[in-house]
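Written out below as structure tokens is the structure these notes cover.
The values are calculated or read from the model by the stated rules, or taken from the named source; none is laboratory data. None of these values were measured; they are calculated from a predicted model. Quick reminder, even Gly has a Cβ in these numbers, built from the backbone with ideal geometry, and neighbours come from all protein chains shown. All accessible areas refer to the heavy atoms of the entire protein, side chains included, with ligands and DNA or RNA removed. Shrake-Rupley method; radii C 1.70, N 1.55, O 1.52, S 1.80 Å.
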Protein chains: 2
Amino acid sequence: MNAHQPKSPVQTQQAKNVLYAQAGGVTAVINVSAAAVIETIQQNSEVFDKTYAAVNGIKGVLEEELIDLTDIRDETLAQLKYQPGAAFKACRFDLDPLEHNPEQYQRVLEVFKTYEIGYFLYNGGNGSMVTAQKVAEYCCQHGHPVTCVGVAKTIDNDLALTHCSPGFGSAAKYIATSFLNATLDIMSMHNTSTKFFALEAMGRNTGWLTIAAGLVKDVIPDVPIIILPAERPFNEKAFFDKVDQLIASKGYCVCAVSEGIVKENGEYITIAGVEHTHERDYVQLGGVASTLSHLVGKHLNSKTHYAIPDYCQRSASHMVSKIDWQLAYDAGKEAVKAAVRGEHGVLPIVKLTSSTPFSYEFETVELNAVADLEKHVPEEFLAEDGMDITEAALDYLRPLIQGEHSAPFKNGLPNIPPIQFTPVEKQLAPFAVIK
Amino acid sequence: MNAHQPKSPVQTQQAKNVLYAQAGGVTAVINVSAAAVIETIQQNSEVFDKTYAAVNGIKGVLEEELIDLTDIRDETLAQLKYQPGAAFKACRFDLDPLEHNPEQYQRVLEVFKTYEIGYFLYNGGNGSMVTAQKVAEYCCQHGHPVTCVGVAKTIDNDLALTHCSPGFGSAAKYIATSFLNATLDIMSMHNTSTKFFALEAMGRNTGWLTIAAGLVKDVIPDVPIIILPAERPFNEKAFFDKVDQLIASKGYCVCAVSEGIVKENGEYITIAGVEHTHERDYVQLGGVASTLSHLVGKHLNSKTHYAIPDYCQRSASHMVSKIDWQLAYDAGKEAVKAAVRGEHGVLPIVKLTSSTPFSYEFETVELNAVADLEKHVPEEFLAEDGMDITEAALDYLRPLIQGEHSAPFKNGLPNIPPIQFTPVEKQLAPFAVIK
């Protein structure tokens, strides 16, 4: 985890081209990192020549779908700083293992050589860092040294080693705000209507966004809340007992639940009769709040409700945390600075330098120190019964949602028209991505 | 629908007390109406003496759960103007028919007499206006004349006669903004991930909030969208055909669907195997987006996603439309002004005076002209295939989402702590609401 400075594989005095790409689930601030990457490249014109972005992440490299950003207009840069989604399109696509599909790696190398790419900046989560690492190794081993740096991003906050991940703070602000609003709704109507409400948060195997709902305590200290993070197995009996107890004392109960929560036997909680889409062994989650809500409705013989914000929580241009925005900007900037320093195969991560006031710096770690790892909500953030969070969790969460840096509104809606980019003309023969 | 001025039943020169209550599903701006009611009462002290609010609507009247607002603090009034939920708690509870339960009406009369209530202002939707009407008639017929005025409110926008309902514009802004953000998300990832996304909007039998998703066209004119309002039966074949066509041309498809959409045989679209809670013949909706999403996932053999914002769309203190805020304020103010004029058994409604620029005035209609009626999305707002909206719909929707008047943020979250009110000491014997 210590800062280090591996020897740069780029052994030239001459400026090289740089390729940036986005991968994995989007965040509300991923394009802020893109803007920071582009601006920092512009500030280092002695190191960098042309700037390209690949469309659809590494898939766009294979397909030679590239955008030339060298002369990007200032207005476009400004727009990137507010745009949700992935402006350069993000892929759920990883390279196959080298031994299974060497053609993919040869193609990446061919494209990198053709466009004289000396720097590769990959903006993604833990899965994407594996891809970045593989590309870097292959290119270096095959005579085309490429300085490869990751740009951290995930709403899931599950990247290892870093204090937090850019993208998480805004999603956490979205979840906490939504949960707070809904709690006031239920608080005001439970006497003759809904007594139980569940909100489902994303995060697959980690409960970071789920615990963010607990920030409601800062506004309603005695809120009758149940928090079910993915880290703890779901125990129906204990859950019902707590629902009963909270409703007996407060008249209602609000619950935040991780989409990926599992039963004690390791099975996902799903709705009987609904088939899940399987895709490359990827179980599609979503719907646990509905299941919980129906279970409680039967248990209480009373009306219950649930919300599933789904993608709305990761693309909320109107709910951007100012701190998160800054972290996303710094993640992009620090990645380019690492490249300038000649660091290779690294990821800039957030290191807390002070809790109060909140301050941080970036340091680099090796990509393979974070690739494919998953950071879970630690024990000390969870109450003994596994259904609430501690003051330590609130201390961790609070700084990350501070401040507002949302997209400006125009005519009643966020002013975020899709940004149009024209890809460069292809120079190579087509490549079949799917063999 | 013409403005009229029935003779006031209050035949006295002396100031009388006023009772305000909230009923039915909440909106983000219902308390704005409450603040307007209180402020306008304060401005007419020659007409009004004490101001009370009932807790839990008409149920609080039966239970003598009353709050004295006569000396409400300025800070509390200011807070009401941003507070989501129902500050005085709203009920899903109507009086029984008089012939079935005369005791309820006798009790209301007893409470009104005890607290010398001469004015009753009921803030609710079409169902609540029935209750207001029944109370008014009974009191007048039994020697205690009460001037009874409705205050319009519903996110569903289904109140008859009025141009629109206070509460709708903010919920519409929430739906349109959420849908816009999510569309940019899917647009940026569909190449290797989700190709179909459905968002479910509230509104039971009417599609007003569903068509609000169509406002995304103002930002993304060529958006591949399907809009399924409750007004049109769901035809699976036509729906799949349109999904296929949009995905073929744009690569993805986004869909807004009414929670209450039914099949051509009149049945709700539900998830097989999930039981719905029935309560007083009230079918609990919610989940159709999940069903649609799974249907499309099977049809396409591809990943799909869905969002169900549920209560979050009606309590979004951070997504208040300025126009809607003003409409809610005016609805409260105009109700009090109608009472001052001695109008009885009426509801102030919004009458459009100009489309461009958007301007309106209030006029009063008789409560029984709107009670229990339901205004549907008109034919001319829906495309011929029933799965899209027209320019006329956009013209109608646009003005209602203009401007932002959200709750201020404090420490990263909307500054909306629950407002604490102390009920007055009871003077009467308890009353069993449930026989």
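Observations on the structure shown:
- Contour minus Cα-Cα distance for A:ASP49 and A:ALA238 (0.36 nm per residue): 62.0 nm
- Accessible heavy-atom area order of A:PHE239, A:PHE421, highest first, probe of 1.4 Å: A:PHE421, A:PHE239
- Estimated from helical segments only, the mean residue ellipticity of chain B at 222 nm is -10000 deg cm²/dmol, where each DSSP H run of four or more residues counts as -39500 (n - 2.57).
- With every protein chain in place, the stretch A:287-384: carbon and sulfur % of accessible area (1.4 Å): 48 percent
- Choice from A:PRO417, A:PRO399, A:PRO84 showing the highest fluctuation, given a GNM over chain A with Cα pairs closer than 10 Å: A:PRO417
- Computed magnitude of the charge dipole of the protein assembly as shown (debye, nearest 20; Cβ of K, R +1, Cβ of D, E -1): 580 debye
- Beta bridge orientation in the protein assembly as shown: antiparallel %, DSSP, nearest 5: 35 percent
- Accessible area per residue for the protein assembly as shown, computed on protein heavy atoms with a 1.4 Å probe, is 35 Å².
- Shortest first, A:SER45 label-point distances to identical copies amount to 7.0 nm, with the label point at 7 Å from Cα along Cα→Cβ.
- Percent antiparallel among DSSP beta bridges (both partners in chain A, rounded to 5): 35 percent
- Relative contact order for chain A: 23 percent, from Cα pairs under 8 Å spaced at least 6 residues apart, divided by residue count.
- Here is how far apart the B:ASP372 label points are across copies: 6.6 nm, shortest first, using a point 7 Å from Cα toward Cβ.
- 5 angstrom amide H check on A:THR390, placed H, neighbours 5+ away: A:LEU382, A:ALA383
- Residue order by solvent-accessible surface for A:GLU380, B:GLU361 is A:GLU380, B:GLU361, largest first, with ligands and nucleic acids left out and a 1.4 Å probe.
- Derived scalar couplings ³J(HN,Hα) [the stretch B:15-25; Karplus, 6.51 cos²θ - 1.76 cosθ + 1.60; whole Hz; x for Gly, Pro]: 4, 10, 7, 10, 10, 10, 8, 10, 8, x, x
- Rounded to whole numbers, the Karplus 3J(HN,Hα) couplings from phi for the stretch A:129-139 are 5, 5, 4, 4, 5, 5, 4, 4, 4, 4, 4 Hz, using 6.51 cos²θ - 1.76 cosθ + 1.60 with θ = phi - 60°, and x at Gly and Pro.
- Percent RCO, i.e. relative contact order, over the stretch B:55-212, from Cα pairs under 8 Å lying at least 6 residues apart: 16 percent
- Expressed to the nearest 5 percent, the antiparallel share of DSSP beta bridges inside the stretch A:138-274 is 10 percent.
- For the options B:LEU180, B:LEU295, B:LEU161, a Gaussian network treatment of chain B with springs between C-alpha atoms closer than 10 Å singles out B:LEU295 as fluctuating the most.
- The trypsin sites (Lys or Arg not before Pro) of the stretch B:105-140 include none that meets both conditions, a loop assignment by DSSP and at most 10 other Cβ atoms within 10 Å of the site Cβ.
- What you get for chain A, charging only the Cβ of Lys and Arg (+1) and of Asp and Glu (-1), is a dipole of about 680 debye around the Cα centre.
- Pairwise centroid distance, computed over Cα atoms, of the stretch A:286-338 with the stretch B:81-102, Å: 32 Å
- Annotation for B:ASN415, label-to-label distances across the other copies: 2.6 nm (shortest first, one decimal, point 7 Å from Cα along Cα→Cβ).
- Spatial separation of Cα centroids for the stretch B:180-232 and the stretch B:46-66, in angstrom: 42 Å
- Distance (nanometres) between label positions extended 7 Å along Cα→Cβ at A:ALA15 and A:ARG341: 2.3 nm
- Dipole orientation for the stretch A:291-359: of the candidates A:TYR329, A:VAL296, A:THR356, A:VAL296 has the Cα lying most toward the positive pole (charges on Cβ; Lys, Arg +1; Asp, Glu -1).
- Across B:ASN368, B:ASN301, B:ASN205, mean-square fluctuation computed from a Gaussian network of chain B (C-alpha pairs under 10 Å connected) peaks at B:ASN301.
- C-alpha center-to-center spacing [the stretch A:241-264, the stretch A:389-416] in angstrom: 25 Å
- Accessible area buried at the B-A interface, both sides summed, 1.4 Å probe (Å², nearest 100): 6500 Å²
- For the stretch A:187-205, a reduction of at least 30 Å² in accessible area between the chain on its own and the assembled protein chains (probe 1.4 Å) is found at A:MET187, A:SER188, A:MET189, A:ASN191, A:THR192.
- Taking only protein heavy atoms and a 1.4 Å probe, the accessible area of the stretch B:87-214 is 49% carbon and sulfur.
- Using Cβ point charges alone (K and R +1, D and E -1), the dipole size of the stretch A:157-279 about the Cα centre works out to roughly 340 debye.
- Angle between chain A longest axis and helix A:102-114 axis [Cα atoms, degrees, rounded to 10]: 60 degrees
- At least 40 Å² of accessible area lost relative to the chain alone, listed for the stretch A:208-246 with a 1.4 Å probe: A:VAL219
- Residues of the stretch B:299-318 whose accessible area (probe 1.4 Å, heavy atoms of protein chains only) drops by at least 50 Å² once all protein chains are present, relative to their chain alone: B:LYS303, B:HIS305, B:TYR306, B:ILE308, B:ASP310, B:TYR311, B:CYS312, B:HIS318.
- Once backbone amide H atoms are built at 1.01 Å from N, B:VAL365 has B:LEU347, B:ILE349 as its partners under 5 Å, excluding neighbours fewer than 5 places away on the same chain.
- 3J(HN,Hα) along the stretch A:46-59, derived from phi through the Karplus expression 6.51 cos²θ - 1.76 cosθ + 1.60 where θ = phi - 60°, amounts to 6, 9, 10, 9, 8, 10, 10, 10, 8, 8, 6, x, 5, 5 Hz, with x in place of Gly and Pro.
- Sequence-separation-based contact order of the stretch B:307-391, relative, with Cα cut under 8 Å and 6+ spacing, percent: 16 percent
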